[in-house]
Structures are given as C-alpha cells and as structure tokens.
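First the structure, in the form of structure tokens, and then the observations on it.
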Amino acid sequence: MVWTIVEVLKIAEGQAHLMSLMTDLYSDQTLAIIREYSTNAYDAHVMAGNADPIEVTTPTSLNPYFIVRDYGVGLSVKDLTDMFSLYGASDKRVSDDVNGMFGLGGKCALTYTSQFMLTGVKNGIKTQVVVTRNEDGKGVMEVVDTRSTTERNGVEIRIPSKDHSSI
C-alpha cells in the first residue's frame with residue numbers, strides 16, 4: 001500500500017494526540033508522580049531481591065527537586081529508551097510480584113512538568129537522560145551522558161518542583 005503525504009500526516013497527528021492523552025490521564029498529578037515512581041522503585045527492589053528501602057527526597061528551597069532513587073536491577077541505555085520513550089513498554093508483565101504493566105506510569109512526570117531527568121546505572125555503566133514534552137504533547141527522550149561507574153545498579157528520577165515546597 002502506498003500512503004499519501006496527507007495520510008501520513010494524519011497518522012502522525014493521531015499518534016501525537018494519543019500520546020498526549022496517555023500522558024495526561026492522571027487527575028491528581030502530584031499523587032500520580034509520588035505513587036508511580038515510588039511503586040516503580042519498590043518493584044525494582046523486589047525484582048533485584050533488595051530488601052532495603054527506596055530513597056525519596058522531597059523538594060526544598062535549597063534542593064527544588066522531587067527525587068526517587070532505587071537500588072534495583074538498574075536500567076541500561078536500551079532499557080531507558082524502551083521504558084521511557086515508548087508508550088506501552090513494560091518489563092512487569094512477566095511477574096505477579098510487581099505492580100504496573102501498562103507502560104504509562106514512567107511518563108507521568110510529563111503531566112506536571114515539561115522536562116525531567118533520569119539516571120540509570122546497570123552493570124558498571126551510568127546513563128543520564130532528559131525526558132521532555134515537545135510542542136505536539138509527545139514525550140521525547142535524549143541521552144545526555146553515558147560513562148563507566150562503580151555505583152550500584154539502580155535508577156534515579158529527578159523532577160523539578162514548581163514551588164520548591166511540594167511537587
């Protein structure tokens with residue numbers, strides 16, 4: 001089948017609209033961010049067999065970020081790309097021991113802010129990415145740094161706070 005330019009543009013417009021709807025599906029943005037990222041971090045600990053607590057940092061005037069850090073299985077460049085740039089991508093469909101599976105929760109920060117930072121460490125490689133929401137409403141991920149590290153496997157999500165006292 002051969003598509004016309006108009007048909008291709010309509011398909012692209014429809015996909016951008018669906019991605020925007022899936023990103024904005026939360027009625028309480030703050031609660032969604034806390035719930036989704038804390039649950040993902042807890043699930044990462046379960047998947048790694050780590051009984052330690054996850055780390056959550058709330059915003060202050062000196063550190064205006066909501067931060068969730070886990071020491072789970074970690075995420076590589078490919079894992080980060082698959083999980084945070086593809087709607088519907090999930091590594092949780094294979095187990096009943098973890099929460100989630102729809103592949104939407106990782107993008108929920110985009111309901112609150114137009115940009116946030118992810119850091120994934122897996123098997124001695126640390127990757128930092130920025131996730132942004134473009135003018136079409138679509139989430140876009142950019143790898144900004146990859147380097148060797150001795151840090152433990154895990155993921156950190158860093159979301160800027162609007163008023164520095166809450167997210």
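Rule-based calculations on the coordinates, nothing more; no lab input. Computed from a predicted structure; not experimentally measured. Methodologically, a virtual Cβ is constructed for each residue, glycine included, from the backbone with ideal geometry; neighbour enumeration extends over all protein chains shown.
Convert 25 °C to kelvin, take the viscosity as 0.890 mPa s, use the Kirkwood radius over C-alpha pairs of segment 36-82 as Rh, and evaluate the Stokes-Einstein diffusion coefficient in µm²/s, rounded to a whole number.
Translational diffusion coefficient: 211 µm²/s.
Simple spin-label model, 7 Å along Cα-to-Cβ: THR132 to GLN115 in nm?
If labels sit at THR132 and GLN115, their model points lie 0.6 nm apart.
Could you compute the net charge surrounding GLU151? Neighbours are other residues with a C-beta less than 12 Å from the C-beta of GLU151; K and R count +1, D and E count -1.
Cβ neighbours under 12 Å give a net charge of +4.
Between LYS162 and ASP28, take the C-beta separation as r, use R0 = 22 Å, and let me know the FRET efficiency to the nearest 0.05.
Efficiency at R0 = 22 Å is approximately 0.90.
Please give the FRET efficiency for GLU142 paired with ASN63, using the beta carbon to beta carbon distance and R0 = 22 Å, rounded to the nearest 0.05.
The computed FRET efficiency comes out at 0.40.
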